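Below is one structure, written out as structure tokens, with a few remarks after it.
The values are calculated or read from the model by the stated rules, or taken from the named source; none is laboratory data. Since the structure is predicted, the reported quantities are computational estimates derived from the model, not experimental observations. Virtual Cβ from ideal backbone geometry, glycine too; neighbours counted across all protein chains shown.
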Amino acid sequence: MYEKSVTLKDVAKRSTYSLRTVKKVMSGDKTVRPETRENVLQAAKELGYEKNMAASILATNRIRNIAIILGDYRYFFPEAKKGFRNCHKTWSSLKVGIEFLLPADRSLEASKELLRSIGKDEKYDAVIMHASSMTELNPEINSLVDSGKVVCTFGADAPGSRRMFYVGPRAYESGRIAAQVMANYIGGNGKVCIMKQASEEMQTQERIRGFSDYIVENHPGIGIEQHLISGGAQEYHKKAAELIGSRDVTGIVGIDADCYIIGSEARKAGRRDIVSLGFDLSLESAALMREGYFNIILDQNPEQQAALALDNTCRYLLYHSGVKNIFTEVAIVTSEILRYKKETIY
């Protein structure tokens, strides 16, 4: 006795929608209401219809190609690439291909140019990107959507665009968490300097807004200064050394990439008294924390973000599953946590 294959008629009966509506959902028709889509897909999942869809996919020669746009920073992106590759192992047998792409440089125009070139290339079905600007890439992202490509952002969002969904932490809340931890470390008084490398990125803007709001609301005795680093690692080192050499600076926050440089300059100056906080754990920052020259890291788990972004993009492309924003957690890492979990964290 054989097991009967589940058909679209079965899904229609289970979901109580018409066969025509079910076919629209399965074809990815965007005119279907979200709640209808969710109900139909839930019925399909309960009946095991995905298995039939997988068999149908394997019977064709079509490959779904996903362009993944990364940055060239030494941290966050290598971990994210690992997450993408690990997740891809579960989808490659269903004829999903991934390609990592990098803008020509760190300028906004380079990112725009890359997005335009992807829009002209018919081989790509979807784009997963770390948005280097909160607003300035909206026309290019919307153009990709208009061309029929699925767009997902991870790590940094472009919420005003028509991207399908975002995966990553809530940046504003992350900033508030950072402020609370910093305030506790410095006793609620002093001068905190924020070092930032990008002014357009969502994570940068929202983290600073959350940090500033928390301090204003709860710790009027803490003053905040912002310093924009536009000249790369060399300028970051120079500014960090200048701030560490200033006796009125109580704490320094590295709001985005290369925050480990703060600790490396503190080590050169032999100063363990300035409280330093950054985002994304790295080999360098972990070593500096163990030596007492760096205090707190808010780790965003880029590997998890990447895996979730790719997994949900694949589910939409192959099974037309509904997708929503996925907000991931941040973890507070200190030297004591490193010692406690030394066998698993760097």
The lone condition E79 fails out of (1) under 29 Å from Q197 (Cβ atoms); (2) at pLDDT below 80; (3) of a type in the set (D, E) is (2)
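Here is a list: E336, E329, E284. Which entry is surrounded by fewer than 19 Cβ atoms within 10 Å (Cβ to Cβ), in a helix (DSSP H, G or I) and in contact (Cβ under 8 Å) with a residue 12 or more places away in the chain?
Exactly one residue qualifies, and that residue is E284.
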Pairing a residue in the stretch 124-143 that is not assigned by TED's automatic domain parsing to the domain that holds S107 with any residue that is surrounded by 22 or more Cβ atoms within 10 Å (Cβ to Cβ) and of a type in the set (K, R), where Cβ atoms lie under 6 Å and the two sit 6 or more apart in sequence or on different chains, gives none
Listed by first then second residue, the pairs whose first member lies in the stretch 180-193 and is of a type outside the set (D, E), whose partner is part of a helix (DSSP H, G or I) and surrounded by 16 or more Cβ atoms within 10 Å (Cβ to Cβ), with beta carbons under 7 Å and at least 6 positions apart or on separate chains, are Q180/Y214; A183/I215; V192/M182; C193/L243
TODO: Return yes when A158 is closer than 21 Å to V253 by Cβ and modelled with pLDDT of 95 or more and no when it is not.
DONE: no
Scanning the stretch 241-253 residue by residue, those modelled with pLDDT of 95 or more and either within 20 Å of G175 (Cβ to Cβ) or polar (S, T, N, Q) (or both) turn out to be L243, V249, T250, G251, I252, V253
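Return the residue satisfying two criteria in turn: it lies in the stretch 232-280 and is without any contact (Cβ under 8 Å) to a residue 12 or more places away in the chain and part of a helix (DSSP H, G or I), and of such residues it is surrounded by the fewest Cβ atoms within 10 Å (Cβ to Cβ).
Q234
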Reported set for the stretch 134-164 where residues are closer than 17 Å to R106 by Cα and surrounded by fewer than 19 Cβ atoms within 10 Å (Cβ to Cβ) is T135, E136
Of the residues in the stretch 27-44, those that are at pLDDT 80 or above and in a helix (DSSP H, G or I) come to E35, T36, R37, E38, N39, V40, L41, Q42, A43, A44
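For the stretch 292-325, what are the residues that are acidic (D, E) and over 14 Å from the mean Cα position of the chain (by Cα)?
Residues satisfying the conditions do not exist here.
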| task | Considering every residue within the stretch 95-113, establish whether at least one is surrounded by fewer than 17 Cβ atoms within 10 Å (Cβ to Cβ), touching a residue at least 40 places away in the same chain (Cβ under 8 Å) and over 16 Å from the mean Cα position of the chain (by Cα). | result | yes
Note on the stretch 1-21: residues in a helix (DSSP H, G or I) and modelled with pLDDT under 85 are L8
